[in-house]
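Here is the structure we will look at.
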Amino acid sequence: MLWRSKRRLSQWVKALAIVAVAAGFVVNAERSTNAADEKKPLEIGQPAPDFDLPGVDGKNHRLADYNDAKILVVVFTCDHCPTAQAYEDRIIQLDKDYKKHGVMLVAISPNDPLAIRLDELGYTDLSDSLDEMKLRAKAKQYEFPYLYDGEMQKTSTAFGVLATPHVFIFDGDRKLRYQGRIDNSDVHEVTTHEARDAIDALLVDKPVPVETTRVFGCSTKWADKRSGAVTYQKHWDAEPVELENIDAAGVRKLAANDTDKYLLVNVWATWCGPCVQELPELGTINHMYRNRAFRFVTISVDEDSAKDEALAVLKRRGLHRRIICSQEKTATSWPRRSIRNGMAPCPTRC
């Protein structure tokens with residue numbers, strides 16, 4: 001059973017409970033510049049690399065499919081990156097504004113989904129698998145091809161993709177005329193529009209004013225980063241678990257949530273099969289969001305004598321992490337009744 005609070009939940013317990021509060025191993029939000037990877041972008045004047053990639057439309061797409069386009073714009077982007085998300089509407093508008101002028105925009109996701117850490121998914125509803133790309137394309141109503149290169153990453157390697165987003169613009173001869181950012185800011189005021197300037201220049205056969213710019217966004221998730229994702233998981237799994245008792249006053253204080261963080265509380269028991277089964281997913285949620293304004297707490301309603309069993313269940317189910325909790329005790333029993341004021345009922349024996 002879950003309950004959530006931002007500021008205030010009502011008084012709801014007069015009994016003994018075991019509480020586990022998840023504290024986090026803090027990592028920096030992912031953000032990359034073109035010094036973050038050893039890959040080097042395609043150089044100006046080089047021909048467009050060929051590709052044959054699956055798209056969200058269920059078809060494979062090749063470079064030759066766009067031979068009739070006056071200009072080809074290839075944007076490497078993805079689902080999970082907050083910077084890429086900030087540019088989704090701008091990419092959509094770019095396609096709408098220039099399609100009528102013979103400009104073809106193709107979006108490609110370069111990322112290996114298995115190379116993405118759980119905490120890097122804390123700013124998204126979707127990861128970067130092809131199936132999830134289909135969901136994003138449908139939700140945003142993409143009218144341009146959205147292709148997946150996460151399996152082999154040959155195309156992304158050939159282009160030298162440094163981050164998402166990263167745009168490459170080719171002329172009618174499919175020679176690279178611009179590579180870099182779309183514009184100069186993802187969340188602040190935009191003052192330069194390098195990608196649009198490049199397209200505008202090419203449409204009237206003028207030199208591109210700025211041919212190369214420094215990219216910013218989330219680093220490309222190359223397959224060799226899988227080991228890093230595994231390392232982070234091992235670090236999380238090595239975090240200790242401690243269980244201590246909390247009384248009714250302690251739970252009321254917890255429920256008041258006098259913090260600026262969102263609070264997720266899971267009430268469970270070792271004798272509740274469904275409760276135990278959902279623990280790994282709750283652990284995943286915590287790994288994803290604990291670097292943000294988020295706090296996760298588990299409360300076991302087992303008897304105090306079952307503390308060792310509860311601790312063993314938490315470890316087996318992957319909730320390995322540092323715990324902060326109250327040391328107060330009470331001799332009363334946990335109430336087996338529905339909780340009032342909009343809260344769900346306590347777990348009852350299965």
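The values are calculated or read from the model by the stated rules, or taken from the named source; none is laboratory data. The model shown is predicted, which means the values in this text are computed figures rather than measured ones. We place every Cβ from the backbone using ideal geometry, glycine too, and count neighbours over all the protein chains shown.
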Among the residues of the stretch 155-171, count how many are small (Gly, Ala, Ser) and within 21 Å of the chain's Cα centre (by Cα).
-> 2
Test ASP79 against the stated conditions and say whether it is surrounded by 22 or more Cβ atoms within 10 Å (Cβ to Cβ), in contact with a strand residue (DSSP E or B) (Cβ under 8 Å, 6 or more places away or on another chain) and over 16 Å from ILE182 (Cβ atoms).
-> yes
Filter the stretch 182-196 for residues that are out of contact with any strand residue (DSSP E or B) (no Cβ under 7 Å at 6 or more places or on another chain) and not acidic (Asp, Glu) and give the result.
-> ASN184, SER185, VAL187, HIS188, VAL190, THR191, THR192, HIS193, ARG196
Does THR259 qualify as being assigned to a loop (DSSP other than H, G, I, E, B), touching a helix residue (DSSP H, G or I) at 6+ places or on another chain (Cβ under 6 Å), modelled with pLDDT of 85 or more and more than 23 Å from GLU120 (Cβ to Cβ)?
-> no
Right, THR231: farther than 17 Å from LYS39 by Cα, β-branched (Val, Ile, Thr) and under 23 Å from the mean Cα position of the chain (by Cα) or not?
-> yes
Flag if LEU243 is modelled with pLDDT of 85 or more and not assigned by TED's automatic domain parsing to the domain that holds ASP128 | no
Return only the number of the condition from (1) more than 30 Å from LEU263 (Cβ to Cβ); (2) hydroxyl-bearing (Ser, Thr, Tyr); (3) modelled with pLDDT of 95 or more that THR83 does not satisfy.
-> (1)
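Go through the residues of the stretch 96-113 one by one and say whether even a single one is among the β-branched types (Val, Ile, Thr) and buried (at least 23 other Cβ atoms within 10 Å of the Cβ). Step through it out loud before you land on a result.
In the first step, residues of the stretch 96-113 are kept if they are among the β-branched types (Val, Ile, Thr); the result is 103, 106, 108.
Narrowing the set further to residues that are buried (at least 23 other Cβ atoms within 10 Å of the Cβ) leaves 106, 108.
Yes, the stretch 96-113 has at least one match.
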Residues of the stretch 81-101 being touching a residue at least 60 places away in the same chain (Cβ under 8 Å) and assigned to a loop (DSSP other than H, G, I, E, B), which ones?
-> CYS81, TYR87, HIS101
Select from the stretch 30-76 the residues that are modelled with pLDDT under 95 and in contact with a helix residue (DSSP H, G or I) (Cβ under 8 Å, 6 or more places away or on another chain) and write down the one among them that is surrounded by the fewest Cβ atoms within 10 Å (Cβ to Cβ).
-> ARG31
Looking only at the stretch 204-216, and only at residues there that are in contact (Cβ under 8 Å) with a residue 12 or more places away in the chain and either in a loop (DSSP other than H, G, I, E, B) or of a type in the set (D, E, K, R) (or both), the one that is surrounded by the most Cβ atoms within 10 Å (Cβ to Cβ) | VAL215
Confirm whether ASN245 is touching a helix residue (DSSP H, G or I) at 6+ places or on another chain (Cβ under 7 Å) and assigned to a strand (DSSP E or B).
-> yes
Here is a list of conditions, (1) aliphatic (A, V, I, L, M); (2) outside the structural domain of ASP119 (by TED's automatic domain parsing); (3) in contact with a strand residue (DSSP E or B) (Cβ under 9 Å, 6 or more places away or on another chain), and ILE199 meets all of them except one; can you say which number that is?
-> (2)
Among GLY273, GLY250, the single one that is small (Gly, Ala, Ser), assigned by TED's automatic domain parsing to the domain that holds ASP304 and more than 30 Å from the chain's Cα centre (by Cα) is GLY250
Applying the selection to the stretch 233-242, what residues are surrounded by fewer than 17 Cβ atoms within 10 Å (Cβ to Cβ) and assigned to a helix (DSSP H, G or I)?
-> GLN233, LYS234, HIS235, ASP237
Apart from one, (1) modelled with pLDDT of 50 or more; (2) touching a strand residue (DSSP E or B) at 6+ places or on another chain (Cβ under 6 Å); (3) of a type outside the set (A, V, I, L, M, F, W, C) all hold for LYS329; the odd one out is (1)
Which residues, counting only those in the stretch 220-238, are touching a residue at least 40 places away in the same chain (Cβ under 8 Å) and small (Gly, Ala, Ser)?
-> ALA223, GLY228, ALA229, ALA238
Across the stretch 38-76, the tally of residues that are touching a Lys or Arg at 6+ places or on another chain (Cβ under 9 Å), assigned to a loop (DSSP other than H, G, I, E, B) and over 19 Å from LEU176 (Cβ atoms) stands at 3
Within the stretch 172-195, work out how many residues are over 24 Å from the mean Cα position of the chain (by Cα), surrounded by 16 or more Cβ atoms within 10 Å (Cβ to Cβ) and touching a residue at least 24 places away in the same chain (Cβ under 8 Å).
-> 6
